[in-house]
1. Which condition does residue 81 not pass, out of (1) at pLDDT below 90; (2) part of a strand (DSSP E or B); (3) closer than 29 Å to residue 168 by Cβ, if it passes all the others?
2. Condition check: under 10 Å from the mean Cα position of the chain (by Cα) and in contact (Cβ under 8 Å) with a residue 60 or more places away in the chain. Does residue 106 satisfy that?
3. In the stretch 84-103, what residues are in contact (Cβ under 8 Å) with a residue 12 or more places away in the chain, part of a loop (DSSP other than H, G, I, E, B) and touching a strand residue (DSSP E or B) at 6+ places or on another chain (Cβ under 7 Å)?
4. What's the number of the only condition in (1) at pLDDT 80 or above; (2) over 17 Å from residue 1 (Cβ atoms); (3) surrounded by 13 or more Cβ atoms within 10 Å (Cβ to Cβ) that residue 66 fails to meet?
5. In the stretch 75-103, which residue that is surrounded by fewer than 15 Cβ atoms within 10 Å (Cβ to Cβ) and in contact with a helix residue (DSSP H, G or I) (Cβ under 6 Å, 6 or more places away or on another chain) is nearest to residue 18 (Cα to Cα)?
6. In the stretch 104-119, what residues are modelled with pLDDT under 85 and touching a strand residue (DSSP E or B) at 6+ places or on another chain (Cβ under 8 Å)?
């Protein structure tokens, strides 16, 4: 987000009582007006709440979680992560600054095409065993081959905690 837009947001809005309110007036809005989309939100294609701001004669699509993070913390980080993975939960306690790598580590449990039910575990057809892998610094790291998916998931979990710490999204193993 451009610094000029960040300054505009900081000087014209505040986050209070769970909504973003205008603190300056102009020809279209008065002080205290609530940002459109803040309460019920318009979802974009990726299921994030967004709003449109007009600034310097241009229209900007702004993600509400980024706007709330800016108003609460005073800056916009590389990425803003939803701790609970619910992109519609924009409570300040659920938002944290992160890098792209950390944001990827906190991604949903398993991909849609995963047949094992565990993140970082795939079935290796030629051996009839389960392979555990993890992506670290953009590269896939082989963690081992196991007889059952639960064993592979446990190894993935251990490595995820080591590499990603608080951002690790680990498997729930019964």
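The values are calculated or read from the model by the stated rules, or taken from the named source; none is laboratory data. Fair warning: this is a prediction, and the values are worked out from it, not measured in the lab. Every residue, glycine among them, receives a Cβ derived from its backbone with ideal geometry; neighbour counts consider all protein chains shown.
1. (1)
2. Details: under 10 Å from the mean Cα position of the chain (by Cα): yes; in contact (Cβ under 8 Å) with a residue 60 or more places away in the chain: yes.
Taking the combined requirement at face value, the residue satisfies it.
3. Restricting attention to the stretch 84-103, the residues satisfying the condition of being in contact (Cβ under 8 Å) with a residue 12 or more places away in the chain are 85, 87-88, 90-92, 94-103.
Going one step further and asking which of them are part of a loop (DSSP other than H, G, I, E, B), we end up with 85, 87-88, 90-91, 99.
Listed by number, the residues that qualify are 88, 90, 99.
4. Unmet for residue 66, out of (1) at pLDDT 80 or above; (2) over 17 Å from residue 1 (Cβ atoms); (3) surrounded by 13 or more Cβ atoms within 10 Å (Cβ to Cβ): (2).
5. Once the filter is applied, the top-ranked residue is 92.
6. Taking the stretch 104-119 and keeping what is modelled with pLDDT under 85, we get 104-115.
Answer for the stretch 104-119, where residues must be modelled with pLDDT under 85 and touching a strand residue (DSSP E or B) at 6+ places or on another chain (Cβ under 8 Å): 104, 106, 114, 115.
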